[in-house]
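Report on the structure given below.
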């Protein structure tokens, strides 16, 4: 697997980023970059027996990115830093553009300056396919940016990650605990789901296997109906209606990508 590398994990205190740090720390040197100071402290303190170093900073800050690359000279860069909530992207579009596009571009441009770089992995979302939301559009734009870099650069697309911050089950569990109805936007809504462990496996495999320009997607099987999942709680359900940017269903690939996708083990690879 990935061993004896200098790895920069941007967004390293988030749900996916922190699990990547945990999995990679035993065999590598890791720099955790995140603007969440408490989150950076927690993951670095948890892994204090390993070479895991903190940098409290923002990928939107070009000077911070430049300093970090000059100090650490990462061989592998994983960008898990993002704003991800669809409904907020329609309230504050500039913030999502600055983080999900400009912030990623800052990392890409700095990474291109260093010959030591071997792999760059950008974490995207299946919402980039429909691009119905501003968040999805920002992720799609960054996929294209990464794809154009060629050798060593790739993207991975996630479905909904079970157990991540703000994910479906964490919201429902909290609602049940507080004695509130479970909220479902529409009885017809369907989504793909994956675990944090599956998500991290996808990122690590992409970092290992990427030649350049690929998009890696986990084969998550059939989409799940959200209303049917909610019924398993045996708890009152409230239908709230679809919010701006949301769609009834989501796809993993564009139609033309489906024609080119190569299935390998549990993954699809789009060259």
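Please treat every number below as a calculation from the coordinates, not as lab data. Since this is a predicted model, take the numbers as computed values, not measurements. All Cβ positions, even for glycine, are placed from backbone atoms using ideal geometry, and neighbour counts span all protein chains on display.
How many residues does region 255-271 hold that are surrounded by fewer than 12 Cβ atoms within 10 Å (Cβ to Cβ) and closer than 22 Å to residue 148 by Cα?
5
Taking region 131-158 only, how many residues are surrounded by 22 or more Cβ atoms within 10 Å (Cβ to Cβ) and not in a helix (DSSP H, G or I)?
7
Can you pull out the residues in region 150-174 that are over 18 Å from residue 128 (Cα atoms) and either in contact (Cβ under 8 Å) with a residue 12 or more places away in the chain or touching a helix residue (DSSP H, G or I) at 6+ places or on another chain (Cβ under 8 Å) (or both)?
Passing the criteria: 150, 151, 152, 162, 163, 164, 165, 166, 168, 171, 172.
Does any residue of region 248-266 turn out to be part of a strand (DSSP E or B) and over 22 Å from the mean Cα position of the chain (by Cα)?
No - not one qualifying residue is present in region 248-266.
Please go through region 159-188 and pick out each residue that is assigned to a loop (DSSP other than H, G, I, E, B), surrounded by fewer than 20 Cβ atoms within 10 Å (Cβ to Cβ) and touching a strand residue (DSSP E or B) at 6+ places or on another chain (Cβ under 9 Å). Walk me through how you get there before you give the answer.
Of region 159-188, the ones assigned to a loop (DSSP other than H, G, I, E, B) are 159, 163-167, 178-181, 185-188.
Still in the running and surrounded by fewer than 20 Cβ atoms within 10 Å (Cβ to Cβ): 163, 165-167, 178-181, 185-188.
Scanning region 159-188 gives 163, 167, 180, 181, 185, 186, 187, 188.
Report, by residue number, each residue of region 56-98 that is within 20 Å of residue 119 (Cα to Cα) and free of Cβ contacts under 8 Å to residues at least 24 places away in the same chain.
Once the filter is applied, which keeps residues that are within 20 Å of residue 119 (Cα to Cα) and free of Cβ contacts under 8 Å to residues at least 24 places away in the same chain, region 56-98 yields 67, 70, 71.
Could you tell me how many of the residues in region 230-256 are touching a strand residue (DSSP E or B) at 6+ places or on another chain (Cβ under 9 Å) and more than 13 Å from residue 157 (Cα to Cα)?
Adding up the residues that qualify gives 11.
Taking region 200-218 only, how many residues are in a strand (DSSP E or B) and either buried (at least 19 other Cβ atoms within 10 Å of the Cβ) or more than 20 Å from the chain's Cα centre (by Cα) (or both)? Give the steps one after another, and end with the answer.
Pass one, region 200-218, residues in a strand (DSSP E or B): 212, 215-218.
Okay, now just the ones that are also either buried (at least 19 other Cβ atoms within 10 Å of the Cβ) or more than 20 Å from the chain's Cα centre (by Cα) (or both), so 215-218.
Number of matching residues: 4.
Run residue 126 past the list (1) more than 25 Å from residue 208 (Cβ to Cβ); (2) surrounded by fewer than 24 Cβ atoms within 10 Å (Cβ to Cβ); (3) within 14 Å of the chain's Cα centre (by Cα) and report the number of the one that doesn't hold.
(1)
Quick check, is residue 221 under 23 Å from the mean Cα position of the chain (by Cα) and either within 24 Å of residue 23 (Cβ to Cβ) or without any contact (Cβ under 8 Å) to a residue 40 or more places away in the chain (or both)?
Criteria met by residue 221.
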